[in-house]
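The values are calculated or read from the model by the stated rules, or taken from the named source; none is laboratory data. Since the structure is predicted, the reported quantities are computational estimates derived from the model, not experimental observations. Neighbour counts are summed over all protein chains in view; Cβ atoms, including those assigned to glycine, are modelled from backbone coordinates with ideal geometry. Heavy atoms of the whole protein, side chains included, go into the accessibility calculation; ligands, DNA and RNA do not. Shrake-Rupley method; radii C 1.70, N 1.55, O 1.52, S 1.80 Å.
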Amino acid sequence: MMGGSGSKGKGYWPFSGSGSGDEPAKDGQEQSLARVRSIRNATPFVFTRRSSLYFDEDGDLAHEFYEETVVTKNGRKKAKLKRIHKNLIPQGIIKLDHPCIHVDFPVVICEA
């Protein structure tokens, strides 16, 4: 998926009682209790995200890595940059400095 969080595609809706429809029907009181429980556990804020940075073999951290190569063309030496794709380790999950609002949060926060 490009750019999406993927929660809708999996049938999981974190901001309502039962978003998937796979559960058997409940009576009114039990259903409202389940909805209150899930709202208490679900938060509209996102505190972590997957980093787009990578570590190289030397331990340097960057989005992309290049190495300089010398190419001889018509007797002239020319320096070119070649992008490195191998031996890069993703940084992983990082904590956000400020919480963000989840993209699937279904409530209008502020009206203009």
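Some notes on this structure:
- Net +/- balance of residues flanking residue 93 in space, Cβ distance below 14 Å, scoring K and R +1, D and E -1: +3
- Rounded to the nearest 10 square angstrom, residue 83 shows an accessible area of 100 square angstrom against a 1.4 Å probe.
- Net charge contributed by nearby residues that have their C-beta within less than 14 Å of residue 67 (K/R +1, D/E -1): -2
- FRET E, pair residue 42, residue 110, Förster distance 25 Å, beta-carbon r, rounded to 0.05: 0.80
- Radius 11 Å from Cβ of residue 56, net charge of other residues (Lys, Arg +1; Asp, Glu -1): -4
- Residues whose amide H falls under 5 Å from that of residue 84, counting only those 5 or more places apart or on a different chain, are 65, 66, 67, with hydrogens built in the peptide plane.
- In order along region 61-71, the phi-based Karplus estimate (6.51 cos²θ - 1.76 cosθ + 1.60, θ = phi - 60°) of 3J(HN,Hα) comes to 10, 6, 6, 9, 10, 10, 10, 8, 10, 9, 10 Hz; Gly and Pro are listed as x.
- Inter-label distance, nm, simple model (7 Å from Cα along the C-beta direction), residue 78/residue 61: 3.7
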